[in-house]
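**Q** Take a look at the following structure, please.
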Amino acid sequence: MKEDYFGLSPHGNIKQFLVSHQAGNAVIDTEAMRVTVEIPAGVDLTDVLIESLEVSSFANANVQVGDKLDLSELALIVVTSEDGNDHLWEIEAFVASETPQLSNGNLNLWYRTNSDYYEPGERADNTIWGTGNQGTQILNKLATTPEDLGGDNLAGRLETIYLGPLSAAFGAPIAAGSLYTGVFNPDNLDPTDPEAAIEFGTPFTGRPEKLRFAYSYVPGEKNEDSNGNPIDYSDACDIYAYLEIRLGGKTERLATAWFRSDITQSDLTTTEVEFVYGALDNSYPDYMHYEGDYVSADSAAFVLPTHITFVASSSFDGANFAGAIGSLLIIDDVEMVY
C-alpha cells in the first residue's frame, strides 16, 4: 500500500514541548493552538532554549530543538502539516509560583486508558504521573488502581500482586504497586527490569522544606525473594522524593526526602518527611544515598531544582521482584510543604 493511499496528513499539532528552566508540564491546547509554560521568576525570558519539541507525524516546524525563543511576549511557531497547510501556534509563558505543587497531587483525577484500565491524571497527554500497569496489564494484572475513599475523594491503591507461574519461572513472580512522576516508555520494556521502561521525573522549580502525604500500609504475610525463598524480615513500603538539577546532559541531586516503613498502619494518616539538601552523610541509611553527583555545598543552599522525582511502592524491593504478596499501600494528598 502506498504511503499516501489515504491522502496527505492534515495534522499540524504540537504534541510535546519543553524549554529550559520550565517549571512544570506544558499545557497544550490543540483547539486554540496554544502552548502555555511556567518559567521561574528571575529567568531571562528573551533567551529561552527549546529542549524538546514533538509535532504531528509527517509534519515539520519552523524551529527545532536547540533554537531559542523570546518568551517575554507571545511567541509563534509554524507547524506545517504533510498536506502543506501551515498551523500557527502561540507560545505563552507566565511566572511560576515560588511554592509549586505537583499537579493532581491529591490523586482525585484518573483517566480510562485505551486498554480499559485507569491511570492517574486528567488525560494521558498531560499527566505527570505514571504506574507500572503498562508492563503488567498484558497479563490482565494491575498493581495500581484508584481507591474510592468516599465523598468524591480518590487515592492510589498500590498492592503487591502475584503475576502467575509463567512469570515466576522467569524470575519475575510479583509486581509491586507503584506510583511515580515520569513517563512509561513501552519501547524500553524489559521483563527482567521493571524500571527500564520508566523515565523518572517531571519539571519542578520549588525548594520545599518537607514532603507531606497521607498513607496507610499493611505488609503481606510472606516476604520472599524473586526465587520464592523466604526473607527473614518484613516487607516495607517506600515513599520518597528527590529534587534534581538536569543541565547539559548532566544530572545532580539537590535534595532527598525518604520514608520507608514496615509498620502496619491500618488507618489513613498524614506524615511529613524533611527534605535534606546537599550530600547525605553516613548517618542516613544506605538506600537514601545517591550513586551519582550531588550539587556543590554552596549551591545546595540556594539553587532551584529543574526536576522532581516522586516514587511510592507497596514493596521497597519490588524492582528486584522481592516482596510479600498482598502488601497494600494506600496513598493520597501528596503535598510539598514550604
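**Q** Scanning segment 155-208 for residues that are open to solvent by 60 Å² or more (accessible area, probe 1.4 Å) and of a type in the set (A, V, I, L, M, F, W, C), which turns out farthest from L139 (Cα to Cα)?
**A** V183
**Q** Check segment 18-37 and report whether any residue there is in contact with a Phe, Trp or Tyr (Cβ under 7 Å, 6 or more places away or on another chain) and surrounded by fewer than 12 Cβ atoms within 10 Å (Cβ to Cβ).
**A** no
**Q** Could you look through segment 104-127, keep only residues that are hydrophobic (A, V, I, L, M, F, W, C) and part of a loop (DSSP other than H, G, I, E, B), and pick out the one that is farthest from T145 (Cα to Cα)? Even if it seems obvious, please write down each step before you answer.
**A** Applying the first criterion (hydrophobic (A, V, I, L, M, F, W, C)) to segment 104-127 yields 107, 109-110, 124.
Filter again for part of a loop (DSSP other than H, G, I, E, B), leaving 107, 109, 124.
Numbers: L107: 11, L109: 12, A124: 15 Å.
Only one residue tops the list, namely A124.
**Q** Something else about it: Can you pull out every residue in segment 33-55 that is modelled with pLDDT of 95 or more and assigned to a loop (DSSP other than H, G, I, E, B)?
**A** The answer is M33, and nothing else.
**Q** Return the total of residues in segment 232-253 being farther than 20 Å from G278 by Cα, in contact (Cβ under 8 Å) with a residue 60 or more places away in the chain and open to solvent by 40 Å² or more (accessible area, probe 1.4 Å).
**A** Residues that pass the stated criteria total 1.
**Q** Would you point out which residue out of S52, S56 is in contact with a Lys or Arg (Cβ under 9 Å, 6 or more places away or on another chain), in contact (Cβ under 8 Å) with a residue 12 or more places away in the chain and among the small types (G, A, S)?
**A** Values: S52 fails: in contact with a Lys or Arg (Cβ under 9 Å, 6 or more places away or on another chain).
Step by step, each of S52, S56 is checked, and only S56 is in contact with a Lys or Arg (Cβ under 9 Å, 6 or more places away or on another chain), in contact (Cβ under 8 Å) with a residue 12 or more places away in the chain and among the small types (G, A, S).
**Q** Going by the structure shown, is A279 surrounded by 14 or more Cβ atoms within 10 Å (Cβ to Cβ), modelled with pLDDT of 95 or more and more than 19 Å from T181 (Cβ to Cβ)?
**A** Values: surrounded by 14 or more Cβ atoms within 10 Å (Cβ to Cβ): yes; modelled with pLDDT of 95 or more: yes; more than 19 Å from T181 (Cβ to Cβ): yes.
Spelling it out, A279 is indeed surrounded by 14 or more Cβ atoms within 10 Å (Cβ to Cβ), modelled with pLDDT of 95 or more and more than 19 Å from T181 (Cβ to Cβ).
**Q** Give segment 128-153 a look and list any residue that's open to solvent by 20 Å² or more (accessible area, probe 1.4 Å) and either free of Cβ contacts under 8 Å to residues at least 60 places away in the same chain or farther than 29 Å from F204 by Cα (or both), or say none. Outline the logic, then answer.
**A** As a first pass, look at segment 128-153 and keep what is open to solvent by 20 Å² or more (accessible area, probe 1.4 Å): 132, 134-135, 137-142, 145-153.
Within segment 128-153, Q137, I138, L139, N140, K141, L142, T145, P146, D148, G150, G151, D152 qualify.
The values are calculated or read from the model by the stated rules, or taken from the named source; none is laboratory data. From a predicted model like this one, the values you see are computed outputs, not experimental measurements. We place every Cβ from the backbone using ideal geometry, glycine too, and count neighbours over all the protein chains shown. SASA here: full protein model, heavy atoms, side chains in, ligands and nucleic acids out. Shrake-Rupley method; radii C 1.70, N 1.55, O 1.52, S 1.80 Å.
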